[in-house]
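**Student:** I have a structure I would like to understand better, so I am pasting it below and will then ask my questions one at a time.
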Amino acid sequence: MKYRSLIWPGLIFCTAVGFAADRDSPESNVARLTFQELKEAGAKDSKYLQQLTSVVDAEVPKADLAAFEKTIRPILQRSCVRCHGAETTEGNIRIDTLDPNLLQGKDVAWWLEILAVLTNGEMPPPDEVELADEDRSAVVAWLSRELQLASSVRRATGGHSSFRRLTRYEYNYALQDILGLPYDFAKDLPPEPASDDGFQNSSELLHMSVVQFETYRQIARKALSRATVQGERPPVLYWSVTMKDAAKIEWPKQAEQLEKLKEKFKDDPDKQKKEADRLTATFTKPHNNTYYHDPSTGRTARANWQYHGAKFAFKPAASLPEIPAPSDHVAIIPQGRNHGLIVELGNRVPDEGTMRVRVRASRASLEESRIPSLQLEFGWRASNEGRAILRISAEDTQIKASPDKPEIYQWDVPLGEIYPRNSVRDTSPMGALPSPSEYIRLVNSSATKGDIRLDYVEVAAPVYDQWPPESHKRIFFDSAAQENESAYAREVLTAFMSRAWRRPIAIAEVDQKLKLFHTMRPRCDSLEEAMVEVLATVLSSPDFLYVIQDESASESVGDAGQQGQLNSEVISAHELATRLALFLWCSVPDAQLLKLAESEELSDSKVLADEVSRMLADRRTLRFSEQFVRQWLDMQLLDFLDIKQHVPGFDPLLKEAMQNEPIALFHEVLQNDASVLDFIHADYTMANERLAVHYGLPDVHGNHFRRVKLDAGRMRGGLLTQAGLLAMNSNGTDSHPLKRGVWLLESLLNDPPPPPPPAVPEIDLADPEIAKMTLKERIEDHRNHAACRSCHAKIDPWGIAFENYDAIGRWRTQINGKPVDAVSLLFNNQKLDGMDGLKRFLLLNRQDQFVRAMVHKMTTYALGRPLTFADHSSIDRITADVRKQGDGLATMIRLVATSELFRSK
Amino acid sequence: MPLNLNSLDRRRFLRGTGLALALPLFETFARSPVRADDDPSTPRRLACFYFPDGVPMPLPEDPAYRDWAWFPLGNGEEFTFTKVLEPLEPLRNDLTVLSGFSHPAARSVHGHSNADQFLTAAATGYDGPYQNSISLDQLYAGHVGEKTRISSLVMSTDGGTGTPRGAHTLSFSRSGRAIPAEHRPKRIFDMLFVKSDDDAARRLALSDSALDDLLTDTRRLRKRLSSQDQRSLDEYLSSVREAEIKVAKAKHWINTPLPTVDADHLNLELTPDEPRLYVQTMFELIYLAFKTDSTRVATYQIGRENGVGKSDHLARAVGFNLAHHLSHETKNVNGWKNFGIYCRFLNEEYGRFAMKLQQTPEPAGEGSMLDNTLLLFGSASSAFHLSRNYPLILTGGKNMGFKHGQYLNQVGTNAQGGAWDGRTEPWQKKATHIDEPLSNLFVTMLQGLGIRTEKFADSDGTVSEIL
């Protein structure tokens, strides 16, 4: 028997549990509590925080049917069977015929449902049937125990697998980490579907096809070719451009303009002078678009770049010229994305290597609060219609330098990552049509006004800080064996394979690849070329592409074999290292993790916990924050939100900020190990200038995200009030209470409502009565249809509480002249008074549900497989630990990662 | 069987749906390579052609309408060709002219930027970042490409890939990368009938060894997995085996003698400076490739958009200087006629090619070659720079079930058109007709070609009128 002792202490809920519907504290008292006080008050009712002792310690677990017959059946008979029995069968469920044996019975799903509606106070309907607190507690307690037991039995009898291939993004990050290149390798792979849980790393979804397989091979070969080099260091080209030089092409145009005008009015000297004066005056004024300014003459000229003939292109030099002394002869770039300073580079920008761009710039204003941001773009225009332009700076650069002390700002851009390049750059000569020339463009991306001054731009490419580059040396390291090709090939292979396959490599495995090397070597010009081919197979092998659970060697849990532990089969230390790295870095383990796996130290709980802390402090954790949050909150919806819908107040900068905010908040909570209840409400948010403007928050400048304190105005805070999450659950032009309600239930409470039945009546907008109604009234009308009622009663009230937020998440108090009505009644007559009321309700009554939902989602993601009923008890156990240790997000991650579930097959 | 907790403890079970199990792919592909000459079925071929700069669209009240409008007059089986399409009269019962189709994602984009998406339906836009998607021909080549020596023939008058939004090719790979088009008749001929690619043989040998090695990896790993996980790994295993079969097929072609053709009538050194002969030769090469079953898929972009390139000189075939100018000068005296004469020239050559297929019996099958070949001929703009109502002619494919002899006129006589008067251009005005997604036609074509699919890009149906 594998299940020696199945029930952990502290997990059985035997005492009275507080229920929303039965709460006797007057609403007015609750309304006066601060959110902090609410968090404390809500925690008092947590079933997970009750310190209880186990009552079960059976050798062979058995269903407690006696207690059911004695206590539970009579309660159900009294309170439930009238509506869920033979005569009336509401919701298509009969409670009187359910099998009370949860261990062997077939009705576990229904019992889970019953536990949920009783715990949430959703049933029985408060005005129809009485259910005394102690009865409710008795049923909940009995059900919890039976479900725990049943879940543990199923867990021990197996039937779950995390065996899967890497996702597209994991594959990408793994290549980045193995090769040491921050490139986007995986873009040719098809996108992944998402599971019902919303997670892309779910084992049941990750399939393989011949097209996918061939793409892996192509990507691997290309990535390895890019990581390695042949021959001498390529010469560097330098473009150095002063704005004085750049402006030279503009001044004669002004003289020409003046000449033309004088010619035009030559017969009318008065008019001629008047017009000439008017025109001359424009030669000294500032412009809304990028322009040059020559202080010696006071003149200005717009930067009028044209692609034709590549006349604006600067020639590169073979050596780096001395940087000229700072000059007042500058280009001035006002805020705005539709213009910028174009520096045309011609057709000699290399295909690969780093392009280093440096500019000497300052802000134009003396005011410290107006710090503008600069963005770097790359583009080209070959013909009238053949063109492209794309951003190549990863993040915006704040130009903090004051006008009297300009500073140098620098970007390093991998040229091989720029797509599309000008495809005629090698075939069409300079000056011809199509033009082969390419350019960089500097754009002032500030959210609000604030000019940038710039007097010097320098571009160098291809820059290699060392030769051969680091990525090459990683694979082809210096070795005493280099003299002997075969011996060196063995060394290269062994090192690379153990990194890629994240485990010790058997000699036979190296021998096999070495044999492949010897087969391929005669067909290749160099050792490096043949090795790239062989390493490409290492990276296309299932040993790299799949997350593997080795069945041939089972181990016992290191120190985890404590008393009371389930003796489920444990994954190996190397498998644990991979699982951990995929969880927290979306990638393969680093050298230290592999070392700890090698020495088996990783199996030690303390060492494992320390590793989690180390990993969370690493920058690679940002990938986890991004991937987990995007999948957890289903943020693809926001990606698909179409900006072209012309919602006033919506722009690309805002969309970017919206996409970033949930991730930034999550990461902030993670870094501080703050309580996950901050996702329901927090007195701070993460914002940049654009988002702050959207929220009406003062004094936030610049495009970077930072923590911003929120006043007690209660319109923002937590995830529920984030503009992007509200916007993606809108219909583009107005709020969508149903979508918002469903999203809240699915993502945050893990309580997804059923999908609509096949024959749902549409809301008939042609009906004049309906057309007159407000949205809320329409929804209520719709809900009154019998077919819709049961589901909508569960969804709508949640969504209506969001009504103070419009289609793009702005706060509003009126809709079409009518005051916003965001008051709704939950199924149990619990009143939700707008967002404030919703948050209060969740904090007071649904803390356990929310924390458990997060643990559920995080564990699903961490394991890379859908959870099964067998995992139910483990999730409860982790949730209880999280709650007892203060709900911290980093704590939750550590508890998931060190849980028995995470370390088991 | 594991129960899904989410579907259990939350209400999803109310849906009443069963658990969808991902069944592993069984090794259905592990059989010997299919050789093209063993393939008993008659080949089904696809060729797509593109011409730039739209077509003459005089308004019905314009005196030039009856003679020089590109679209025929009438509807259904009751239609007459104008002088522009007149050269296709002998093919009348083998073709369908279509109006009222376009790709939704590019309808508001200036026509000059749209050749890129003619066979892909991608939102390629006019500026900013750029991403394309797989083209119709490459999708089909993905299915039949390995049955012939060359998976597909990609040709254009201007050659290469061109630039994004200024494509010189109609063909785009699965990941949306432009596939370079060949513009030199000699190179195309050599590729088909003269030389085999040495490097290709080397690459295939390397692939062969690599796949062998990966099979060993897989078998070794398989032993260490649970039986459940072994089934998941079988998807990988069959992928490697399929890849092996592809390599075997490719090697087979390298070792198969090249077909011999009589090329005495061809001048392979031609350039677009001899426009009519050049276009004829390009069409003839496709004919020869099809006849020898060297490929079953071809694209030919007769000209790039906006007159930058060699293809603009093709107008010299009918005594004009530059083709693109003709589309701009329609308000001048004889403007429509001149533009129409140029379009007529293209139709003459397209017709010559189609008739040759019509007159050639299928080498090893029923009917004529045309009956087993589907030709799409068209452009991504109609009226001046207007990216709607693409002028389209679908020809051939009777043995695939296509029904012809009709003008599927969805727009009626209300098409946007008229000469550009120097003010707002037709493409900037409000649409007079909501087109059907052209991808619907693509789905119908693919189905006729024997591909089991219900969807291409943004399609929302099929075109039942041509079946």
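Taken together, the values in this text are just the output of simple stated rules run on the coordinates, not laboratory data. It should be emphasised that the depicted structure is a prediction, and the values quoted were computed from it without experimental measurement. With ideal geometry, Cβ positions are generated from the backbone for all residues, glycine too; neighbour counts draw on all protein chains shown.
**Student:** Across every pair of different alpha-carbon atoms, what Kirkwood hydrodynamic radius in Å does the stretch A:253-313 reach? Before the final figure, lay out the partial values.
**Tutor:** Details: mean 1/r = 0.0760 Å⁻¹.
One over the average 1/r among Cα pairs gives 13.2 Å for the stretch A:253-313.
**Student:** Here is a further query. Assuming R0 = 41 Å, can you tell me the calculated FRET efficiency for the pair B:Thr216 and A:Asp196, based on Cβ-Cβ distance, to the nearest 0.05?
**Tutor:** Details: r = 37 Å, r/R0 = 0.90.
So the FRET efficiency works out to roughly 0.65.
**Student:** May I pose another question? Over all directions, how big on average is the projection of the convex hull of the alpha-carbon atoms in the stretch B:264-311, in square nanometres?
**Tutor:** 3.9
**Student:** Only residues of the stretch A:523-540 count here: report those whose backbone N is under 20 Å from the spot 7 Å along Cα→Cβ of A:Ala481, or say none.
**Tutor:** Output list for this probe position: A:526-539.
**Student:** When the Cα centres of the stretch B:117-152 and the stretch A:64-121 are compared, how far apart do they sit, in Å?
**Tutor:** If you average the Cα positions of each part, the centres end up 57 Å apart.
**Student:** While we're looking at this one, here's another question. Provide A:Arg865, A:Arg425, B:Arg224 in ascending order of the number of other Cβ atoms located within 10 Å of each residue's Cβ, fewest first. Write out the running numbers ahead of the final one.
**Tutor:** Details: A:Arg865 26, A:Arg425 21, B:Arg224 14.
The order, fewest Cβ neighbours first, is B:Arg224, A:Arg425, A:Arg865.
**Student:** If you don't mind, another one. In whole Å, what is the distance between the alpha-carbon centres of the stretch A:361-437 and the stretch B:327-377?
**Tutor:** Between the Cα centre of the stretch A:361-437 and that of the stretch B:327-377, the gap is 46 Å.
**Student:** A follow-up question, please. For chain A, what does the helix formula give at 222 nm: sum of -39500 (n - 2.57) over DSSP H segments with n ≥ 4, over the residue count, nearest 500 deg cm²/dmol?
**Tutor:** Only helices count here, giving -11500 deg cm²/dmol.
**Student:** Follow-up. Please express the Cα-Cα pair-distance distribution P(r) of the stretch B:80-216 as a list of whole percents, one per 10 Å bin, running from 0 to the bin with the greatest distance.
**Tutor:** Once binned at 10 Å, the Cα pair distances of the stretch B:80-216 give 10, 26, 32, 22, 7, 2, 0.
**Student:** Could you list A:Trp501, B:Trp70, B:Trp420 so that the one with the fewest beta carbons within 10 Å of its beta carbon is first and the one with the most is last?
**Tutor:** Result, fewest neighbours first: B:Trp420, A:Trp501, B:Trp70.
**Student:** Another question about this same structure. Whole angstrom only: what separates the Cα centroid of the stretch A:518-541 from the Cα centroid of the stretch B:397-460?
**Tutor:** If we compute the Cα centre of each part, the gap is 49 Å.
**Student:** Report the one residue of A:Met773, A:Ala461, A:Phe477 whose Cα lies farthest in the direction of the positive end of the charge dipole of chain A (charges on C-beta: Lys and Arg +1, Asp and Glu -1; origin at the Cα centre).
**Tutor:** A:Ala461
**Student:** Same structure, new question: Modelling each spin label as a point 7 Å along the Cα-to-Cβ direction, I'd like the B:Glu61/B:Arg276 distance in nm, to one decimal.
**Tutor:** Result: 3.8 nm between the two label points.
**Student:** Amide H of A:Leu832: which non-local residues (sequence gap of 5 or more, or other chain) have their own amide H closer than 5 Å, using H built in the peptide plane?
**Tutor:** For A:Leu832, the qualifying residues are A:Ser824, A:Leu825, A:Leu826.
**Student:** Dimensions of the protein assembly as shown along principal axes (Cα, Å, largest first)?
**Tutor:** Taking max minus min along each principal axis of the Cα atoms, the protein assembly as shown gives 102, 87, 79 Å.
**Student:** Something else: Non-local amide H neighbours of B:Cys48 (under 5 Å, H modeled in plane, Pro and chain starts lacking H): which ones?
**Tutor:** Residues meeting the amide H criterion: B:Ala298, B:Thr299, B:Tyr300, B:Leu376.
**Student:** Sticking with this one: With +1 on the Cβ of every Lys and Arg and -1 on the Cβ of every Asp and Glu, and nothing else charged, how large is the dipole of chain B about its Cα centre, in debye rounded to the nearest 20? All intermediate terms of the calculation are to be shown ahead of the outcome.
**Tutor:** Numbers: 52 positive and 56 negative charges, 271 e Å.
Value, rounded to 20: 1300 debye.
**Student:** Let me know the Rg and Dmax you get for the stretch B:213-267 when you use only its Cα atoms, in Å.
**Tutor:** That works out to 20.2, 65 Å for Rg and Dmax.
**Student:** Evaluate peptide A:197-209: per residue, the Cβ atoms of other protein chains within 10 Å of its Cβ; return the mean as an integer.
**Tutor:** 3
**Student:** On to the next question. List every residue whose amide H lies under 5 Å from the amide H of A:Thr868, counting only residues 5 or more places away in sequence or on a different chain, with H placed 1.01 Å from N in the peptide plane.
**Tutor:** B:Leu5
**Student:** To continue, here is another question. From other protein chains only, count the Cβ atoms within 10 Å of every residue's Cβ in B:164-173, then give the mean. List each step's numbers first, then the result.
**Tutor:** Details: counts 11, 9, 10, 3, 4, 0, 0, 0, 0, 1.
That works out to 4 on average.
**Student:** How far apart, in nanometres, would the label points at B:Leu73 and A:Glu601 be if each is projected 7 angstrom from Cα along the Cα-to-Cβ direction?
**Tutor:** Using points 7 Å along Cα→Cβ, the separation is 9.1 nm.
**Student:** Give the Kirkwood hydrodynamic radius (Å, one decimal) of chain B, defined as one over the mean of 1/r across all pairs of different Cα atoms.
**Tutor:** 23.9
**Student:** Would you calculate the separation in nanometres between label points at B:Ala364 and A:Asp734, each defined as 7 Å from the Cα along the Cα-to-beta-carbon direction?
**Tutor:** Taking the simple label geometry, B:Ala364 and A:Asp734 are separated by 6.6 nm.
**Student:** Kirkwood Rh and Cα-based Rg: tell me the resulting Rg over Rh for the stretch B:166-270, rounded to two decimals.
**Tutor:** Ratio value, two decimals: 1.15.
**Student:** Still on this structure, I have one more. Would you mind calculating the gained length between A:Ser526 and A:Ser225 on full extension (0.36 nm times residue separation, minus the Cα-Cα distance), in nm to one decimal?
**Tutor:** Roughly 107.1 nm would be gained on extension.
**Student:** Determine, at each q value in 0.11, 0.13, 0.20 (inverse angstroms), the log₁₀ of I(q)/I(0) that the Debye formula gives when each Cα of the stretch A:370-488 is one equal point scatterer.
**Tutor:** For the requested q values the scattering log ratios are -0.59, -0.74, -1.14.
**Student:** Additional query: Provide the percentage of antiparallel DSSP beta bridges, counting only those with both residues in the protein assembly as shown; round to the nearest 5.
**Tutor:** 80
**Student:** Evaluate peptide A:211-217: per residue, the Cβ atoms of other protein chains within 10 Å of its Cβ; return the mean as an integer.
**Tutor:** Mean partner shielding for this stretch: 5.
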